[in-house]
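All remarks here apply to the structure that follows.
The values are calculated or read from the model by the stated rules, or taken from the named source; none is laboratory data. Here the structure is a predicted model, which means the values were calculated and not measured. Don't worry about glycine lacking a Cβ; one is built from the backbone with ideal geometry, like all the others, and counts go over all protein chains shown. Heads up: the accessible areas ignore ligands, DNA and RNA and are worked out on the full protein's heavy atoms, side chains in. Shrake-Rupley method; radii C 1.70, N 1.55, O 1.52, S 1.80 Å.
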Amino acid sequence: MAKLNLGVFFGGKSTEHEISLISAKNIIDAADKNKYNIIPVGIDKNGEFLFYNNQDYILDSHDAKKVHLGYGGLPITFSFGRDKELIGIFDKNLKIKIDVAFPVLHGSFGEDGTIQGLFEMANIPYVGAGVLGSVIGMNKDIAKKLLEKSGVKMAKFLVFDISEKGKIDFSYIISELKCPFFIKPTNSGSSVGVYKIKSESEFREKTNEVFKFCDKIMCEEAIVGKEIECSVLGNDNPAASLPGEVITSHEFYSYDAKYLDENGAQLKIPADLPEEATHKIQETAVKIFKLLNCTGMARVDGFLQENGDYIFSEINTIPGFTPISMYPKLWELNGISQTELVSRLIQLAIDKNKF
Ligand SMILES: Nc1ncnc2c1ncn2[C@@H]1O[C@H](COP(=O)(O)OP(=O)(O)O)[C@@H](O)[C@H]1O
Ligand SMILES: [Mg+2]
């Protein structure tokens with residue numbers, strides 16, 4: 001079979017640029033070179049698309065604090081081919097076609113349906129959720145509202161709009177959610193802008209900060225329990241992996257705990273859970289994946305409480321994919337190597353694009 005040109009898209013404008021680079025380097029290293037020609041496409045922090053015709057497209061990938069895009073990227077524009085291909089154009093004479101895309105872009109402009117729209121317009125297969133699933137998965141408010149009548153348990157929440165900034169009634173929040181409670185942007189990731197609020201002054205200070213980069217804030221009841229993540233893979237009949245657990249040494253799984261403090265978090269793969277809890281989490285993760293219109297892959301995150309209740313927290317449609325990330329590591333427990341996982345994800349993308 002002829003090799004497919006696999007466009008791997010990485011970097012991007014979001015706060016998760018660096019983690020995207022590490023995920024992409026891992027995916028490119030793992031991809032089966034007998035099946036795919038890798039077309040590396042970096043997106044810099046200004047949103048410029050760059051093609052690399054050398055190996056140095058991601059530098060210092062072993063260090064989350066130093067990792068950055070390579071220097072030799074050629075600015076690229078796209079035109080849509082007739083035959084399910086996206087054509088990258090560097091200058092008039094230099095063109096390359098992409099048969100299938102793997103957006104390894106976490107957060108805004110990558111995980112939120114925007115780049116998925118580009119691939120839809122070009123009619124090329126792409127890994128992961130479609131436009132709708134991506135939009136829903138990125139927006140915690142919409143995702144939770146869609147699940148409200150599904151029987152899936154979630155933390156009680158309230159959402160406030162930027163027009164209410166400075167006027168939000170703190171006593172109403174604590175009467176509904178108790179104190180401490182969490183605040184977070186409705187459409188961010190990597191714990192950016194997530195705070196555990198213990199006083200009104202802290203609430204005012206943090207909401208002012210978070211409203212600088214988003215226009216909707218979610219306040220959420222604080223859940224006590226094990227932090228559990230479950231990988232889901234598939235289209236119409238998705239499968240769930242064994243659950244994993246995140247054990248953090250910080251007050252919660254904050255940005256620092258995730259990326260800056262080497263000892264900030266420990267991943268327990270798999271989580272040590274009774275069989276019944278494992279089944280409940282897997283079943284709920286698949287149900288959520290389907291209800292939220294996901295395809296291909298997603299990581300479903302939640303909490304397991306002492307009384308056995310599983311509380312859904314959020315879904316990530318382009319989960320972290322570094323060599324040590326939960327999403328690929330959980331599949332390794334099922335004997336699916338990272339090379340095999342990448343091939344399966346690409347096949348799922350092609351299957352989904354059949355209409
Ligand atoms: N309602 C909550 N109760 C307890 N911990 C929470 C709650 N919401 C968020 N957290 C903590 O904050 C972290 C980041 O929040 P999350 O909603 O997952 O945002 P992000 O999309 O940025 O990862 C979680 O992993 C968890 O440790
Ligand atoms: Mg999270």
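Looking at the structure I just gave you, is residue 220 in contact (Cβ under 8 Å) with a residue 60 or more places away in the chain, part of a strand (DSSP E or B), open to solvent by 30 Å² or more (accessible area, probe 1.4 Å) and out of contact with any Lys or Arg (no Cβ under 6 Å at 6 or more places or on another chain)?
When the stated conditions are applied, residue 220 does not pass them.
Restricting to region 259-273, name every residue that is more than 14 Å from ligand 2 (Cβ to nearest atom) and modelled with pLDDT of 95 or more.
266, 268, 269, 270, 271, 272, 273
Can you name the condition, by its number, that residue 256 falls short on among (1) free of Cβ contacts under 8 Å to residues at least 24 places away in the same chain; (2) out of contact with any Asp or Glu (no Cβ under 9 Å at 6 or more places or on another chain); (3) away from ligand 2 (no atom under 16 Å from the Cβ)?
Condition not satisfied by residue 256: (3).
Go through region 274-355 and tell me which helices (runs of 4 or more DSSP H), entirely inside it, have 1 or more residues that are within 15 Å of ligand 2 (Cβ to nearest atom).
275-291, 326-332
Quick one: how many residues across region 263-289 are of a type outside the set (Gly, Ala, Ser) and open to solvent by less than 80 Å² (accessible area, probe 1.4 Å)?
Going through region 263-289 one residue at a time, the tally reaches 12.
If the requirement is being modelled with pLDDT under 90 and within 25 Å of residue 285 (Cβ to Cβ), which of these qualifies: 88, 107, 81, 130?
Step by step, each of 88, 107, 81, 130 is checked, and only 107 is modelled with pLDDT under 90 and within 25 Å of residue 285 (Cβ to Cβ).
For every residue, the table says whether it meets (1) within 25 Å of residue 338 (Cβ to Cβ); (2) surrounded by 21 or more Cβ atoms within 10 Å (Cβ to Cβ); (3) in contact with a His (Cβ under 9 Å, 6 or more places away or on another chain).
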position	(1), (2), (3)
8	yes, yes, no
14	yes, yes, yes
19	yes, yes, yes
30	yes, no, no
35	yes, no, no
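Here's the yes/no breakdown for (1) farther than 30 Å from residue 36 by Cα; (2) away from ligand 2 (no atom under 16 Å from the Cβ); (3) part of a loop (DSSP other than H, G, I, E, B):
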| residue | (1), (2), (3) |
| --- | --- |
| 109 | no, yes, yes |
| 143 | yes, no, no |
| 146 | yes, yes, no |
| 160 | yes, yes, no |
| 168 | yes, yes, yes |
| 172 | yes, yes, no |
| 184 | yes, no, no |
| 188 | yes, no, yes |
| 193 | yes, no, yes |
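Yes/no per residue for (1) away from ligand 1 (no atom under 12 Å from the Cβ); (2) closer than 29 Å to residue 350 by Cβ:
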site	(1), (2)
236	yes, yes
239	yes, yes
244	yes, yes
247	no, no
250	no, no
256	no, no
261	yes, no
266	yes, no
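So which of 109, 49 ends up being among the aromatic types (Phe, Trp, Tyr) and either open to solvent by less than 70 Å² (accessible area, probe 1.4 Å) or over 22 Å from the mean Cα position of the chain (by Cα) (or both)?
Criteria check complete, one pass: 49.
Rundown of residues vs (1) without any contact (Cβ under 8 Å) to a residue 40 or more places away in the chain; (2) assigned by TED's automatic domain parsing to the domain that holds residue 83, yes/no style:
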| position | (1), (2) |
| --- | --- |
| 109 | no, yes |
| 116 | yes, yes |
| 123 | no, yes |
| 165 | no, no |
| 173 | no, no |
| 200 | yes, no |
| 204 | yes, no |
